[in-house]
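These notes are about the structure you will find just below.
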Amino acid sequence: MSLLERIFYFHQEVVKGHFPNSRTLAAQFETSIATSKRDIVYLRDRLLAPLAFSHERNGYCYREEGFVLPFEDSPKVVFLLAMLNKLAGEAGLEELPEVKQLEDRLSSMISPNYDKLIDRIYCEWIEVESIDHQVFECITEGVVQEKVLKLLYRSLKGETSSREVAPQRIINYQGRWYLLAHCQLRQASRLFHIARIRKAEITGKPVPSDSSPHQKLLEQSFGIFKGKLLCHAEILFTSTAAELVRHQHWHKDQTIEEVDGGLHLSLPISDYREITMKILQYGAMARVIAPPKLKHKVQAEIVSMAEQYEPV
């Protein structure tokens, strides 16, 4: 158990008038008496708790009423804890037992008003995917232990393959979970959609020291498809789309410029697929300026879409 948990427990016992001492703290958390004494000194000297020892009750009490620990009952901390709980659920992690355990433990230590606030926060992500929590746990262990993973992976086309991969990064993008790993089959870094991983196990093989990706690979371009930088996409937004995009952050290297008739957005891309979908999202209020290849892809998709609605 952490120092934070021990401190909060001891503080609560004092507030309840239970007159705890180093022995009761050591018994609760199965630590040594010396550790418990250091915890009490930390509470008194570093957190400025007005502790007093009662020889009659053989335990501690507070000399002053109303003492609270730093962050205790802090609206900001309670709000952040509630948000973490909501986001974990929206990100498909609600089945992880550790998430619930952490929520219960922290909420009991920080604020009795936690339940009230969490009932008043509403989060909604669309297209959130369910993931196998056992697969997710195995992946996180592989990342922490730096061990090679063996995956049973199903592609979008329904093809299943067995891969041994050196895990590099766990990525959450727009509510979906991905594993960036060096694939031994492809001898290159690949992005694995965790929702499509049917089975995962740790092989025990250490991750090669040279398998970690350069951070630039993850940050150099827009979207989830990472790779060599292709070009900069330039898009003109008009009408209400311009007002929406003006306040949006698509990429750290984007530039936004006010122009006649709308808003000009430029950002680096490594793949045409996701940026095409984003442009189509705004319909006639978005027009590709450059590059020509992106313009042609969007045009072709619009024609294909229109054919779906031709009169019978």
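Where a number appears in this text, it was derived from the coordinates with a stated rule and is not lab data. Note that this is a predicted model, so its numbers are computed, not measured. Cβ atoms come from the backbone with ideal geometry, glycine included; neighbour counts cover every protein chain shown.
Structural remarks
- Mean separation of Cα contacts under 8 Å, 6 or more apart, over the residue count of segment 3-62: relative contact order %: 37
- Considering all different alpha carbon pairs of segment 219-307, the Kirkwood hydrodynamic radius works out to 13.2 Å.
- Annotation for segment 1-56: trypsin sites (Lys or Arg not before Pro) lying in DSSP loop with at most 11 further Cβ atoms inside 10 Å of their Cβ are LYS16.
- Loop-located trypsin sites (Lys or Arg not before Pro) across segment 176-262 with a Cβ neighbour count of 12 or fewer within 10 Å are ARG186, LYS228, LYS252, with loop assigned by DSSP.
- Here the residues LEU51, LEU149, LEU93, ranked from fewest to most Cβ neighbours within 10 Å of their Cβ, fall in the order LEU93, LEU51, LEU149.
- VAL148 long-range amide H proximity, modeled H, under 5 Å: THR203, GLY204, LYS205, VAL207
- Cα-centred dipole magnitude for segment 175-215, charges only on beta-carbon of K, R (+1) and D, E (-1), debye, nearest 20: 260
- Segment 32-44 - phi-based ³J(HN,Hα) in whole Hz, Karplus 6.51/-1.76/1.60, Gly and Pro as x: 7, 4, 4, 5, 5, 5, 5, 4, 5, 5, 4, 4, 6
- Restriction of the GluC sites (Glu not before Pro) in segment 130-160 to DSSP coil positions whose beta-carbon has at most 13 other beta-carbons within 10 angstrom yields GLU159.
- Placed amide H near TRP177: partners under 5 Å, 5+ positions off or other chain: ILE194, ALA195
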